[in-house]
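Worksheet: the structure to be examined is printed underneath.
Nothing in this text is a laboratory measurement; each read-out follows from the coordinates by a stated rule. The structure displayed is predicted, hence computed values, not measured ones. For neighbour counting, all protein chains shown are included, and Cβ atoms are generated from backbone atoms with ideal geometry for every residue, glycine included.
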Amino acid sequence: MEKLYFKFTTTQPVTKFVHVGVVASGDLEIILRPNNHSYSTLNIITGSDGFKSTWSNVLSRFFDRYPLQGDFEINDFGATPGVVNLRLSQVMEVLKNEQ
Amino acid sequence: MNNSLLELNARERAVALLDKDTAQELIGPFDNIISPHLIPQNIVPESDDGVIIMKGQLKHLNCVIISIEGSFQGGGIGEVGGAKIVSALEHTLLDNKNGEKVYPLIIFDTGGVRLQEANYGLLSISEIQNMIIELKQYVPVIGLIPGRVGSFGGMSITTALMSYIITTDKARIGLNGPEVIEQEAGAREFDSSDKNLIWNTLGAKQRKATGIVDEVIDDDVDAFRSTIAKTILEKKDSNRDQQVNFYLSLIETLDPAHMLTTQEYTNLYRHVSVHDHHLNSAIPSDYPTITSRGRHWFEQLTQIKNAHSDIPTVLHALVNGYEYISIVPDKNNNFPRVRHGEVGLKEGYTVANVINDLIDRDKDKKTKTPIVIIVDVPSQAYGYNEELVGIHMSLAASVSAYARARQAGHKIISFIPGDAVSGGFLAHGLQSNRLIALNDSSITIQAMSKESAARITNRSLQELEQATKNTPAMAYDIKNYQKLGSLFYLISNVKSYDSSDYAINIVKNAINSAISDLENKPTDLSFRYNNKIAKESGRVATNKIRLLMDKQWN
C-alpha cells in the first residue's frame, strides 16, 4: 500500500459532491468534494506500490484536458490506467448529468 | 440480464430496489468515515467500509436497505461497517416501537467476519444478530442473497435468523467456506477445487429444497421488488431459528460416518418424524473422561464430579439458582468433527433446546434464572455433512435462544476459561450481556485459526503473526482482547486449570458481581461499547458511527 499526493492548478470549480466506483480487485473509487482554492488536490491510497510516475502521467493528461477543480480522494485496488481513466470520465458524466 | 440485481454493486442494488428518487444514503462516502484498522495493515480502505445504508420507499413502504459490498474485501464485516448495520437496525427498532413502520432489508454478499478486524467482526455480528432477533417481534426482517460471494461465516448464521430469505439461483450459503474446511479437515472432507460439489451442496437450489432459503427467484429487480412487498404485506416468517425439535430428530437419523449425497439428504429431510427433546441435567458419575477447561470449570462451579450428560458434548445444571452450561469434548463422539469440543450440528440445537426450555419454565416468573455460559469452544465443526445439513442454522438456533432469554430478562454471563473462537463463540458466548475471562495465556480468542486466516487473506503465517502481535483488532490472546473494552472483568490471578477453593471463590465472586451489576440495566449488548475502555480506545469508531447515525436518521 502506498499513499500519494498530487496537486494541479485548475480553473473549473465543481459545485457537486461526486462518488463513483468500488474498491474491488482491479478497480477504484473516486470521491470528489468542491473546494475554494485555485487548484485541485488528490489524495490517493493505492494497493499497488511504485506507480507514482504512472499516476502522474494519467492525471496530468486528464487535468490538461479537463481542469476540474476540487478535492479528490482515490482508493485504488490495482486499477489499470485504462480503468482510472474510465472512472474519471464517469465523474465527468455525473457532473454533467446533475448540471 | 437486462434488469439484473446481481450484476449491480451494493449501492446500485439498494437504489434499484427502492422507488424512483426516494433513496437516501446514511453515513455515505462523503462523511469521511473509513475503517481505522485497514491502513495500519497496509490494506486500501473504502469510503463506506463496504456497507451501504439506504433509506427510502419500496412500493410506498418505508424501508431501510442494508447492502453489503461483496467485492470490497469479500464483503467482510469490520468495526465501521458492523456499527453502521447495528445502529441502523437500532433506529429501525425504535421507529417500529414508536408505531412508525420501517421495514429492514439486508442484502447479503459477504464472507462473514473481516479477518483483518477479526475481533470487531465477531462482536459486530453478535450485535447485529441481537438486533434482528428483537426486530422480528415487530416487522419481518428480510434477507436477500443475489449471489457472487453469497453468505458465509458468521453472516450465514445471521442469514438463518432472518424472517424470510429470497435469493437467485446464483446464491450460496454455508458456515465454513470450502477452503477453510479443506484447510482444517483435509481435502477428503471437502475438496475446495471441486466447483460442482460446492454448488450442489451450498447452492440456492439445494438450499431451497431443504429449508435453508425460502424463495429462489429470477435475477430481476422487479421480481425482487414484488417478492419483497409481498413478504412484507403477508408478514412472512419461517422461524428458521426455532426448529430445534425438527433438527434434533433429523440429526438422530443421520449416520455421521457416511458422506450423504444431496439426494440422500433431501430424502432424509422430507421424512423426519419429529419428537420433543429435553436434555436432563448433568449428573455425577464414577467415570472420569478427558478433561477440558470447559468441563473443568463446569465441574468446579456446579460441584458435579465427572459430570455425565445424555448428550455427552453438552453439560448443563441448575445449581444454587444459576443455570450453568458448557460444551465439552467427547473423544468417541460419532460426529468426528466435534470430538475436541467444537460446536457441531447437535451441540447448537441442544444448547438452544436447553435454553428454550429454561425460557419456557421461567415465562411467568418475575425473576428469571441467570445463565452462566462456560466458554471453551475451539471453533465450530468443520465438515461436509455439517454444511449439507446447514450447521449455520444450528448455531443460529443457539444464538437466538440466548438472545431471546436475555431480552426476556435472564441475566447472562459468559465465563471464558478456555478458547473462544469463531462461530463457536458466536453460538455459545457472544450473546451474553457480560463477558468475564481468566487471564491465562492458553486462551485463544479469534475468528479463525492462524493457518486458515493466513490462507484466506493471502499472507504467510509469519506475516499474519506480525500483523496480529500488537493489533487488538486481530489479537489471539485475552490481554489484547481486553483492550477492546468487551470484557466486564479479567480475572488476573486464576489460571485455566486451577482448582483450589481460593480460585473457585474468586471466579464465583466475579460471576456474582457481574450478575449484580446487571440489576436494572439494559438487556441489550450496549455494555461492550459503552464502558470506559471501549469509549476511550476499544470502540472509538463504533461510538462515532452511532452518534452520526443518530444525527442522520431522521
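For the protein assembly as shown, the C-alpha radius of gyration divided by 2.2 N^0.38 Å, with N the number of residues, is 0.97. Max-minus-min Cα coordinates of the range B:499-554 on each principal axis give 54, 25, 14 Å, with the largest extent listed first.
For the peptide A:13-23, the mean number of other protein chain Cβ atoms found within 10 angstrom of a residue's Cβ is 4. In a reduced charge model with +1 at each Lys and Arg Cβ and -1 at each Asp and Glu Cβ, the range A:2-98 shows a dipole moment near 280 debye about its Cα centre. Sequence-distant contacts, meaning Cα pairs under 8 Å at least 6 residues apart, place the relative contact order of chain B at 13 percent.
Dipole check for the protein assembly as shown: with +1 at the C-beta of Lys and Arg, -1 at the C-beta of Asp and Glu, and the Cα centre as origin, the magnitude is about 1140 Debye. Considering only beta bridges that DSSP places wholly inside the protein assembly as shown, some 45 percent are antiparallel. For the peptide B:66-72, the mean number of other protein chain Cβ atoms found within 10 angstrom of a residue's Cβ is 3. Separation of the range B:477-554 from the range B:279-351 is 26 Å, based on Cα centroids. Residue-wise HN-Hα couplings along the range B:496-504, as the Karplus relation 6.51 cos²θ - 1.76 cosθ + 1.60 with θ = phi - 60° gives them from phi, are 4, 10, 4, 9, 6, 4, 4, 5, 4 Hz; Gly and Pro carry x. With contacts taken as Cα pairs under 8 Å at a separation of at least 6 residues, the range B:244-523 carries a relative contact order of 15 percent. Shielding of peptide B:44-52 by partners, expressed as the average count of other chain Cβ atoms within 10 Å per residue Cβ, is 5. Look at the dipole of the range A:2-98 built from charges on Cβ: of A:82, A:26, A:68, the Cα furthest out on the positive end belongs to A:68. Database remark: amide H of residue B:279 closer than 5 angstrom to no amide H (H placed geometrically; neighbours at sequence offset of 5 or more, or on other chains; Pro and chain starts carry no H). Exposure proxy shown here: for B:323, B:79, the number of other Cβ atoms within 10 Å sets the order, fewest to most, as B:323, B:79. When only C-alpha pairs under 8 Å and at least 6 residues apart count, what is the relative contact order of the range A:2-98, in percent? With pairs under 8 Å counted, the relative contact order is 40 percent.
Annotation: peptides B:348-356, B:269-277, B:381-389, ranked by per-residue average of other Cβ atoms within 10 Å with the highest first, follow the order B:348-356, B:381-389, B:269-277. Distant-in-sequence amide contacts of residue B:314, defined by a placed amide H-H separation under 5 Å and a gap of 5 or more residues or a different chain, comprise B:328.
Looking at the range B:244-523 only, what percent of DSSP beta bridges run antiparallel? Nearest 5 please. If we restrict to bridges inside the range B:244-523, about 25 percent are antiparallel. Placing unit charges on each Cβ (+1 for Lys and Arg, -1 for Asp and Glu) gives chain A a dipole about its Cα centre, and among A:35, A:54, A:1 the Cα reaching farthest toward its positive end belongs to A:35.
Note on chain B: with charges restricted to the Cβ of Lys and Arg (+1) and Asp and Glu (-1), its dipole about the Cα centre is near 1020 debye. Lysine pairs in the range B:67-189 whose alpha-carbon atoms fall under 22 angstrom of each other, counting only those eight or more residues apart or on distinct chains, come to 5.
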